[in-house]
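Student: One structure follows; several queries about it will come next.
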Ligand SMILES: [Fe+2]
Ligand SMILES: [Fe+2]
């Protein structure tokens, strides 16, 4: 089996076992947005896209959507460590492992071209699947201000104008709900 397919299987199985089907969907959508933002994405970027949040399958929701810098650092490092372990067991090349680990370890902030594609794809997956739903939930709980901050934070992470354009309608709808 092709390595990417094995990674897909590993991530889907891990999240399914953890009863986190929304995370399976998030991984699939992040991978999809990578193909839209960078059609010639290499294997390392594709793998990083599918596996970027893998620690959540093993350690649960300890971070609870927090954008605290220390929590994000830990989340990225833990995910990088988990996918590294898997790729080592599959005897992937050290070069590929280093690249995947480097990408996953910076997926929340972007950086070089591929890290930024991954970060933008992650944000798009968030906007299309979670922003509006979470906005409705938080509004019911009276947590509008907290959610506005979160949505602004995720939107501010998007670097490319193409990705911002795609995210904009979801951003506007969520903000409309929260400010209504
Ligand atoms: Fe993440
Ligand atoms: Fe993510």
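Student: Would you pick out the residues in the stretch 5-35 that are over 12 Å from the mean Cα position of the chain (by Cα) and without any contact (Cβ under 8 Å) to a residue 24 or more places away in the chain?
Tutor: Of everything in the stretch 5-35, those that are over 12 Å from the mean Cα position of the chain (by Cα) and without any contact (Cβ under 8 Å) to a residue 24 or more places away in the chain turn out to be 5, 9, 12, 13, 16, 19, 21, 35.
Student: For the stretch 21-61, give me the residue count where each residue is part of a loop (DSSP other than H, G, I, E, B) and within 14 Å of ligand 2 (Cβ to nearest atom).
Tutor: Looking only at that region, the number is 4.
Student: Turning to a different aspect of this structure: Here is a list: 88, 133. Which entry is in a helix (DSSP H, G or I), without any contact (Cβ under 8 Å) to a residue 40 or more places away in the chain, within 16 Å of ligand 2 (Cβ to nearest atom) and on the phi < 0 side of the Ramachandran plot?
Tutor: On the way: 88 fails: within 16 Å of ligand 2 (Cβ to nearest atom).
Just a single option satisfies the conditions, and that option is 133.
Student: Which one of 100, 113, 132 is more than 20 Å from residue 179 (Cα to Cα) and in contact with a helix residue (DSSP H, G or I) (Cβ under 7 Å, 6 or more places away or on another chain)?
Tutor: Testing whether each residue is more than 20 Å from residue 179 (Cα to Cα) and in contact with a helix residue (DSSP H, G or I) (Cβ under 7 Å, 6 or more places away or on another chain) leaves just 100.
Student: With the requirement that a residue be within 15 Å of ligand 2 (Cβ to nearest atom), crowded, with 20+ Cβ neighbours inside 10 Å and touching a residue at least 40 places away in the same chain (Cβ under 8 Å), what does the stretch 101-115 give you?
Tutor: The answer is 103, 104, 107, 108, 110.
Student: Specify which of the listed residues (110, 142) is within 16 Å of ligand 1 (Cβ to nearest atom), modelled with pLDDT under 95 and outside any helix (DSSP H, G or I).
Tutor: None of the others qualify; the one that does is 110.
Student: Same structure again: Which count do you get for residues in the stretch 34-49 that are closer than 18 Å to residue 129 by Cα and buried (at least 23 other Cβ atoms within 10 Å of the Cβ)?
Tutor: Result for the stretch 34-49: 2.
The values are calculated or read from the model by the stated rules, or taken from the named source; none is laboratory data. Everything numeric in this text was worked out from a predicted model, so none of it was measured. Cβ coordinates were reconstructed from backbone atoms using ideal geometry, including for glycine residues, and neighbour counts include every protein chain displayed.
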